[in-house]
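Nothing in this text is a laboratory measurement; each read-out follows from the coordinates by a stated rule. Just so you know, these numbers come straight off a predicted model, no measurement behind them. We place every Cβ from the backbone using ideal geometry, glycine too, and count neighbours over all the protein chains shown.
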C-alpha cells in the first residue's frame, strides 16, 4: 500500500477555508444541541437521579457529552461531508489531478475530521465551565483528547464512506453504530449499571475509552487505566486510518 | 522531443477492453487531438496519462520520464481541464484558484499574481469574489480552464474544453489555446467537435473500440479518405429507398447519412438531375467529420 505525504495538509487547509467561510451555517446548531441535552437531562432527569458518591447528575454527564459530541463532529464530517466531496462535488477527482495523491486526500479528510472534533471539544468545555462543571486544570487537555478521539472516529467514518454505494447508507452507520454507542459508553449512566455481558462489550466500543478520558480530566482523578483507554483508541485508529487509504484508492483510482 | 509517449498501453475492466494496445507519440509543443465516438476509450486513455488510473499493461513516458515512478513530479507539469465540472462549490472564484495553486505548492504571493493573470486571460476579472453558484455555465467552464492554467503547465490535457460555450466564448478559448501553443505549451485535446479539432490540432488520432485507427494531420486525413469535395444530396424520406436502390444498381461510390447521401466523386452526381430537383444537391469542402464518419461508422456505438 501507499502512504500519505506531507501534502495532506493542503486538503486540511482546503477544508479549513471552507469551514471559515461557512461555519455560521452549521455551528450554532452543533452547539445548541448539546446544551439542550445537558440542561434537559442534567437538570430534568437529574432531579430524580441519585449517584452513589453524591455527585450531581449534570456533573456526571457533562464530560460524557463532551466526548459524545466530539464523536458526532468527526463522524458527520467524514461521512456526509466527505461523501458529498467524493461523489457529488467530485472535489477529490480535481485534487488527485494535481501533485496530491489519493492517500493525501484521505489523510487530509481524517485530520480535518479530528480538528472538527477538537473544536467541538473546546466549545463543549467552555459551556461546561460556564455551568461550573469543570473541577480540574487537567480539563485543558480535553481538546487534545478530542483530537485523538476524532482521529479514531474520522478514520472509521472515512473507511465506511469509501465503501458505501450511496449517501443513504449512512443511516445504517448512525442508527446501528454511532447512536447506540452514545448510550452504551458510559455517557449517561455508569457502565456498572449494565449486565455483565453488556459491560464487557461496552469496554471495547470506541467511545468508551474517550469518555473515560474526558471524565478523568474534568474531575482531575487520573488513573493508570487511562493507558488502556489510550491503547484501545490507537488500536481502532491505526488499522482504520491505513485501511481507508487502501479503500479510497480502490474506489477512486480505477 | 516527445512530450507524451505510450507503449502497448492497455486498460481492461473485467471482460471489457477499454484501451487496446495504444502506441502514441505526442511531440513537444504540438496540439494533438484525440477524436472518437462515445465509449471509444478516450477518457480511459486520458485518465491513465494523467496518472489517476493505473494501466492494466503498457507504459507511459512524459518528457522521457516513466509516469509510474515519477507521478507526482509529472502531475506538477500538467494542467488538466476535465469535462465534468468539479469546481469547488464551497469556495469563491478566487478561492478556487488559490486553493488549487496551494495543491501545487505555489507560494501565496505568486498564486495571487497567477490567479489574476488567468482570470483576465479568460475575462473573468470582475467575478473574482463571486460564489461558484452565481456563475453561468459558460463562466464555470472558463473558470475550469483558468484553474487548469494556474500552475503554468508544460502540458495541457483538455477534455471537451468548449462544451456548452457560446460561439464568442468558444472563439476566445480557441484563441487562448493557440496563444499558449505559441508559448510552448503542449496540448492533448479530447473533443467531439470536429471544427475544433481542425482549427486547433496539428495532428489528430481517431480512436475506435479502444484502438487508435488513424493518426495524421487533419489535412492529410481529409485528402486520404475523402478528397477535395463532398456532394451532399438531401433525399425525401418517402422517396429515399427508391433512390438509394438506383444508386446501388449503378454501383456508385456513396455513403448514407440519415436522410442524405454523400458522394465523394463528381461522377456520382451526374445522375441526380434525372431523379430529383437539382436544388437538393450541394457541393461543399470536405471536413474532418466526413473522415470521422468514414472511419467510425454512422451507427451509435453504445
Volume per residue (Å³) of the convex hull spanned by the alpha carbons of the stretch A:16-76 is 82 Å³
For chain B, just the Cα set please: Rg and Dmax, both in angstrom. 22.4, 73
Rg/Rh for the stretch B:133-203: what does it come to with C-alpha atoms and Rh from Kirkwood? 0.94
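So what is the orientation-averaged projected area of the stretch B:201-261, using the convex hull of its C-alpha atoms, in nm²?
Working: hull surface 23.2 nm².
That works out to 5.8 nm².
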Where in the stretch A:102-143 does the label zone of residue A:43 land, with the point 7 angstrom along Cα→C-beta and an amide N cut-off under 19 Å? A:124-134
The residues B:222, A:164, sorted from fewest to most surrounding Cβ atoms within 10 Å, come out as A:164, B:222
For the pair residue B:220 and residue A:80, what calculated FRET efficiency results from E = 1/(1 + (r/R0)^6), where r is the Cβ-Cβ distance and R0 = 35 Å, to the nearest 0.05? 0.05
Antiparallel DSSP beta bridges within the protein assembly as shown, as percent of all bridges there, nearest 5: 65 percent
Taking only DSSP H segments of four or more residues, each worth -39500 (n - 2.57), what value at 222 nm results for the protein assembly as shown once the sum is divided by all its residues, to the nearest 500 deg cm²/dmol? -15000 deg cm²/dmol
For chain A, what is the largest minus smallest coordinate of the Cα atoms on each principal axis, given in angstrom and ordered from greatest to least? 60, 40, 33
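Which value results for Rg/Rh of the stretch B:158-275 when Rg is the Cα radius of gyration and Rh the Kirkwood radius based on the inverse mean 1/r? Don't jump to the answer; show the numbers that get you there.
Numbers: Rg = 18.9 Å, Rh = 17.3 Å.
My calculation of the ratio gives 1.09.
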Any idea what angle helix A:27-39 forms with the longest principal axis of chain A, computed on alpha-carbon atoms, 0 to 90 degrees, nearest 10? 20 degrees
Label points 7 Å out from Cα along the Cβ direction at residue B:57 and residue A:3: separation in nm? 3.4 nm
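Kirkwood Rh, Cα Rg: Rg to Rh for the stretch A:93-224? Mind showing how you got there, number by number?
On the way: Rg = 17.2 Å, Rh = 16.6 Å.
Value, to two decimals: 1.04.
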Need the full-extension length gain, residue B:72 to residue B:28, defined as separation in residues times 0.36 nm minus the C-alpha distance. One decimal, nm. 13.8 nm
Taking the Cα centre of each part, how many Å lie between the stretch B:96-119 and the stretch A:141-211? 40 Å
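Calculate, for residue B:244 and residue B:299, the FRET efficiency according to 1/(1 + (r/R0)^6) with r their C-beta to C-beta distance and R0 22 Å; round to the nearest 0.05. Working shown, then result.
Values: r = 17 Å, r/R0 = 0.76.
The computed FRET efficiency comes out at 0.85.
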What's the long-distance tail for the stretch A:153-254, i.e. % of Cα pairs beyond 23 Å? 37 percent
The Kirkwood hydrodynamic radius of the protein assembly as shown, taken as the inverse of the mean 1/r over all distinct Cα pairs, in Å, comes to 27.4 Å
Taking Cα atoms, how many degrees apart are the long axis of helix A:142-163 and the longest axis of chain A, rounded to 10 and kept between 0 and 90? 50 degrees
Mind checking the full-extension length gain between residue B:183 and residue B:20? Use 0.36 nm per residue of separation minus the Cα-Cα distance, one decimal, nm. 55.3 nm
What three numbers, in Å, describe the spread of the alpha carbons of the stretch B:84-126 along their principal axes, ordered from the longest? 26, 22, 16
Helix B:240-249 versus the longest principal axis of chain B: what angle, 0 to 90°, nearest 10, using Cα atoms? 70 degrees
Put one equal scatterer on each alpha carbon of the stretch B:229-284, apply the Debye formula with no solvent term, and list log10 I(q)/I(0) at q = 0.18, 0.20, 0.23, 0.26 1/Å to two decimals. -0.50, -0.63, -0.86, -1.15
Whole-Å semi-axes of the ellipsoid equivalent to the stretch B:66-194 (Cα gyration tensor, √5λ, descending): 21, 19, 14
Average Cα contact separation per residue, the stretch B:2-217, under 8 Å, 6 or more apart, as relative contact order %: 30 percent
